[in-house]
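Colleague: Questions regarding the structure given below will be posed in turn.
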Amino acid sequence: MVKMRLRCLKFFAIHFCFLANYPLLHSQGCCSGGSGSPIAGNASQGVLAQHQMELASSLQYIYSDKFLTGNGESSPLFQSFSSKYLYNRVAYGITKDLTISLEGGYYLNKTQTELNAAGKIQSSGFGDMIIFPRYDILNRKRLDKHDELTIGLGYKIPLGKYNDSHVVFTNPTTGRQYFTISPPLVQPTNGSQDVLFYLFYMHSGWPKNIRFFANSMYIKKGWNALGEKFGDFTAVNVFVSRTFMHSLGITLQCNAEWVQKMRYNENVDVLALYNVDVNSTGSKKISLIPQFSYSYKTCTIYGLAEVPLYQKVQGTQIGIQQQFTMGLSYRFFTKKDLKCDDAGNDFTYMCPMKCKGGGSNSPGICSVCGMQLDKVK
Ligand SMILES: [Zn+2]
């Protein structure tokens, strides 16, 4: 501990009090770079078929200049915040019930623009990596009705920096620069190892051509080396989805999320170098997320936007204002002879995406992803 303090002293030559009380962005709690992990583009977060692989990438853009307090809107603490986050996922079906994915993000840019055009605090770089196995505890198909229940347990490893600094003062005579640590809002990661608990449910077949999903995620945040523990994150999502013209998907997602207050170990940060106002952490939010997707063979592109309906924060924090995501996913089998998705079931009609449990002996749509089934024999 003493060692760390000394290192910090050297690194942050001077501490400026006026930088205290950094607000956190509402959705800081989520490790996938924003609120709600996108399930759009038929990238179902259930499990894949055995030996099936999925590669997915998405680009998320966030912008906000809206500040909130417990009572409503607040005057701005800085001009605006924006970020561009590239998120990649590789998922593989180890068995017919167990899928493991490796996911990670890279911030192309995270920027806080100060008031009165005093400058910008920026960072870029790797965010977090997540190892995320998921297991089907139920996958039942009877006639046209299909139900799937999946549990997941994830582990988040911080790859990026969480103690990045920026210049706060340049002495005009000597040219010497003074640094301080950047606010958590612009750090690529929060630096803690976290555990994710995940539950996913899908129902399709009734009413016809409509699919329902629900998922729930709880992230138990760990402490980082700066003596910070970001608030635990809970999210519940419900989705209604329908496919039009064989491959065009429209999904409406409703997201509710709750971020607990941050905790802070005063024994680590005795010199108060990190400037986080824990009273301005913790939030609740409900939003509506329309999503569009288009699939061609086993490739899907999708886009989604988040429309906040309700936001309530503790203290003063920057709220969610504009949040867009565009993504791409591609599925294939790592073994050539595996054309069938249903573990040996020989169906006449198969899903072009080769979804697990999507096959049927009559024409119709895939009960997992909603695409029109292809006749295979
Ligand atoms: Zn399918």
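Colleague: Please state which one of Tyr92, Tyr85, Tyr155, Tyr135 is within 28 Å of Gln311 (Cβ to Cβ) and modelled with pLDDT of 90 or more. Please lay out each step first, then the result.
Modeller: Working: Tyr92 fails: within 28 Å of Gln311 (Cβ to Cβ); Tyr155 fails: within 28 Å of Gln311 (Cβ to Cβ); Tyr135 fails: within 28 Å of Gln311 (Cβ to Cβ).
The conditions single out Tyr85.
Colleague: Being among the basic types (Lys, Arg) and out of contact with any strand residue (DSSP E or B) (no Cβ under 6 Å at 6 or more places or on another chain) is the filter; apply it to the range 322-353 and report the residue that is modelled with the highest pLDDT.
Modeller: Lys335
Colleague: Does Ser101 fit the bill of being touching a residue at least 24 places away in the same chain (Cβ under 8 Å), among the small types (Gly, Ala, Ser) and open to solvent by 30 Å² or more (accessible area, probe 1.4 Å)?
Modeller: Spelling it out, it is not the case that Ser101 is touching a residue at least 24 places away in the same chain (Cβ under 8 Å), among the small types (Gly, Ala, Ser) and open to solvent by 30 Å² or more (accessible area, probe 1.4 Å).
Colleague: Glu266 is checked against (1) open to solvent by 60 Å² or more (accessible area, probe 1.4 Å); (2) at pLDDT 90 or above and fails just one. What number does that condition carry?
Modeller: Condition (2) is where Glu266 drops out.
Colleague: Would the range 288-300 turn up any residue that is within 27 Å of Phe81 (Cβ to Cβ), modelled with pLDDT of 85 or more and within 16 Å of the ligand (Cβ to nearest atom)?
Modeller: There is no residue in the range 288-300 that is within 27 Å of Phe81 (Cβ to Cβ), modelled with pLDDT of 85 or more and within 16 Å of the ligand (Cβ to nearest atom).
Colleague: Could you please find all residues in the range 52-71 being under 21 Å from Ser283 (Cα atoms) and open to solvent by 30 Å² or more (accessible area, probe 1.4 Å)?
Modeller: Tyr61, Tyr63, Asp65, Lys66, Thr69, Gly70, Asn71
Colleague: Related question: Quick one: which residue in Ser35, Ser80, Ser44 is open to solvent by less than 20 Å² (accessible area, probe 1.4 Å) and modelled with pLDDT of 90 or more? If you could, list the steps in order and put the result at the bottom.
Modeller: Values: Ser35 fails: modelled with pLDDT of 90 or more; Ser44 fails: modelled with pLDDT of 90 or more.
Answer to the selection: Ser80.
Colleague: Can you list the strands (runs of 3 or more DSSP E) found entirely within the range 211-326 that contain at least 3 residues being in contact (Cβ under 8 Å) with a residue 24 or more places away in the chain and under 29 Å from Ser192 (Cβ atoms)?
Modeller: Those strands (runs of 3 or more DSSP E) span 233-244, 248-259, 283-296, 307-313, 316-318.
Colleague: Separate question: I'd like the full set of residues that are surrounded by fewer than 19 Cβ atoms within 10 Å (Cβ to Cβ), over 25 Å from Met129 (Cβ atoms) and modelled with pLDDT under 90, limited to the range 216-249.
Modeller: Within the range 216-249, Arg242, Phe244, Met245, His246, Leu248 meet the criteria.
Colleague: Further question on the same structure: Check Thr150, Thr170, Thr180 and return the single one that is out of contact with any Pro (no Cβ under 6 Å at 6 or more places or on another chain) and open to solvent by 10 Å² or more (accessible area, probe 1.4 Å).
Modeller: None of the others qualify; the one that does is Thr170.
Colleague: While we're here: Of Phe126, Phe132, which residue is touching a residue at least 24 places away in the same chain (Cβ under 8 Å), among the aromatic types (Phe, Trp, Tyr) and open to solvent by 20 Å² or more (accessible area, probe 1.4 Å)? Quick ask: steps written out before the conclusion?
Modeller: Numbers: Phe132 fails: open to solvent by 20 Å² or more (accessible area, probe 1.4 Å).
Only one candidate qualifies: Phe126.
Colleague: On the basis of being within 25 Å of the chain's Cα centre (by Cα), of a type outside the set (Lys, Arg), open to solvent by less than 20 Å² (accessible area, probe 1.4 Å) and on the phi > 0 side of the Ramachandran plot, does Gly160 make the cut?
Modeller: no
Colleague: Filter the range 361-377 for residues that are touching a residue at least 40 places away in the same chain (Cβ under 8 Å) and more than 9 Å from the ligand (Cβ to nearest atom); which is nearest to Arg140 (Cα to Cα)?
Modeller: The qualifying residue nearest to Arg140 (Cα to Cα) is Gly364.
The values are calculated or read from the model by the stated rules, or taken from the named source; none is laboratory data. No experiment lies behind these values; they were computed from the predicted model shown. We place every Cβ from the backbone using ideal geometry, glycine too, and count neighbours over all the protein chains shown. Areas reflect the complete protein model, heavy atoms only, side chains present, ligands, DNA and RNA absent. Shrake-Rupley method; radii C 1.70, N 1.55, O 1.52, S 1.80 Å.
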